[in-house]
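A.B. asks: Have a look at this one.
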Amino acid sequence: MRIARTLPELRAALAEFGPVRLVPTMGALHEGHLALLAAARADGGPAAASIFVNPLQFGPNEDFARYPRDETGDLAKLQAGGCDLVWLPDVATMYPADAASTITVGGPARLWEGELRPGHFAGVATVVAKLFGQVRPRAAYFGEKDWQQVQVITRMVTDLLLPVDIVPVPTVREPDGLALSSRNRFLGPADREAAPAINAALRRAATAIAASADVETTLAAARASLAQAGLTADYFNLVHAHSLEPISKNHPHARLLAAAKCGPVRLLDNVAVG
Ligand code: AMP
């Protein structure tokens, strides 16, 4: 496995490998990240991963400083997962002092995480565009766990005509339904017990809506069940899977999207409405 920490090292590695498939990450890797790597490898050719905790996508009161970092463990996992190249840029490489451009996405970035975390998706879009410019991957792999993020990146790539295929990968979960996340390690034992309530509520609501239950009544019951479990819902809504606009009736492209606070951790999850 090649490791590149500077742009010249990256360019030298890419000159040898040719076009790669890229898995962008912020490290603290788990089986969800490794599923993206496995999907990239399954599609053929060399697979690369990037690890960069992107300061631009964290709000001023968010957990940038406390975000988990484990480079040694991450490199061992990537190696075991068959990764060919790891790109480990530093902040000065990603954001030179004279940099003056950011990418703002409207449309699917407007609501939900976009509304609750001002600047978050501009930070994500900017760093992903830079990673694409540096690595020039033929395809890039993103987790459906961050459903809105996949739609925002897809919108950006379409709008800016970027020559990369965006490949969504299904969410990897614990046996009790909790979506794997680097931040789950901050759940205390009681929070960890309560956390699967978000996925349980999503699955119940998806089944009800698919069976033609009233959408508003179903969403209200789901929000109540989260409160019952001790979670504080930021949102729990039925949306169009690609535009992310709220919808009031079932639809072939309907998606249920939720975020809730569970102790110190904000949990995100989403499911299709069968
Ligand atoms: P992060 O390191 O949290 O920024 O995540 C890097 C990539 O891994 C993103 O595309 C995430 O959507 C994806 N990812 C994170 N958790 C999971 C999961 N449980 N299942 C699938 N993909 C995931």
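A.B. asks: Once you mark the trypsin sites (Lys or Arg not before Pro) that are in a DSSP loop and have at most 12 other Cβ atoms within 10 Å, what is the longest gap between them in the chain?
C.D. replies: The longest such stretch corresponds to 67-248.
A.B. asks: Using just the helices of the chain, give the 222 nm mean residue ellipticity in deg cm²/dmol: DSSP H runs with n ≥ 4 each add -39,500 (n - 2.57), and the total is spread over all residues, rounded to 500.
C.D. replies: -11500 deg cm²/dmol
A.B. asks: Additional query: What is the chain's relative contact order, in percent, from Cα pairs under 8 angstrom and six or more apart in sequence?
C.D. replies: Computed value for the chain: 18 percent relative contact order.
A.B. asks: Shape verdict for segment 139-220, please, from the Cα gyration tensor: rounded (a/c under 1.5), prolate (a/b greater than b/c) or oblate.
C.D. replies: Oblate, because a/c is 1.5 or more while a/b does not exceed b/c.
A.B. asks: Computed over the Cα atoms of the chain, what is the ratio Rg over Rh, Rh following Kirkwood?
C.D. replies: That ratio equals 0.97.
A.B. asks: Okay, next question. Given segment 123-268, what whole percent of its Cα pairs are spread farther than 27 Å?
C.D. replies: Within segment 123-268, distances greater than 27 Å cover 30 percent of Cα pairs.
A.B. asks: Could you tell me whether segment 74-121 comes out rounded, prolate or oblate from its Cα gyration tensor? Rule is a ≥ b ≥ c as square roots of the eigenvalues, rounded for a/c under 1.5, then prolate if a/b exceeds b/c, otherwise oblate.
C.D. replies: Oblate, because a/c is 1.5 or more while a/b does not exceed b/c.
A.B. asks: A further question on this structure: Enumerate the lysines that K261 could reach by cross-link, defined here as Cα to Cα under 25 Å, with residues fewer than 8 away along the same chain left out.
C.D. replies: By straight Cα distance, K261 reaches K145.
A.B. asks: Relative to the Cα centre, what is the charge dipole magnitude of segment 210-274, using +1 at the beta carbon of each Lys and Arg, -1 at the beta carbon of each Asp and Glu, and rounding to the nearest 20 debye?
C.D. replies: 120
A.B. asks: Determine the share of segment 1-138's accessible area contributed by carbon and sulfur atoms, expressed in whole percent, with a 1.4 angstrom probe.
C.D. replies: 54
A.B. asks: Another question, if that's okay. Which loop chymotrypsin sites (Phe, Trp or Tyr not before Pro) in segment 26-110, with loop taken from DSSP, have no more than 10 other Cβ atoms within 10 angstrom of their Cβ?
C.D. replies: Hits after loop and neighbour filter: nothing returned.
A.B. asks: Which whole-percent values make up P(r) of segment 1-140 when all C-alpha to C-alpha distances are grouped in 10 Å steps starting at zero?
C.D. replies: Pair shares across the bins are 11, 40, 36, 12, 0.
A.B. asks: Give me the 1.4 Å probe accessible area per residue for the chain, excluding ligands and nucleic acids, in Å².
C.D. replies: Normalised by residue count, the accessible surface of the chain is 46 Å².
The values are calculated or read from the model by the stated rules, or taken from the named source; none is laboratory data. Keep in mind that this is a model prediction, so the values were computed, not measured. Virtual Cβ from ideal backbone geometry, glycine too; neighbours counted across all protein chains shown. Each accessible area value is taken on the protein alone, full model and side chains, heavy atoms only, with ligands, DNA and RNA left out. Shrake-Rupley method; radii C 1.70, N 1.55, O 1.52, S 1.80 Å.
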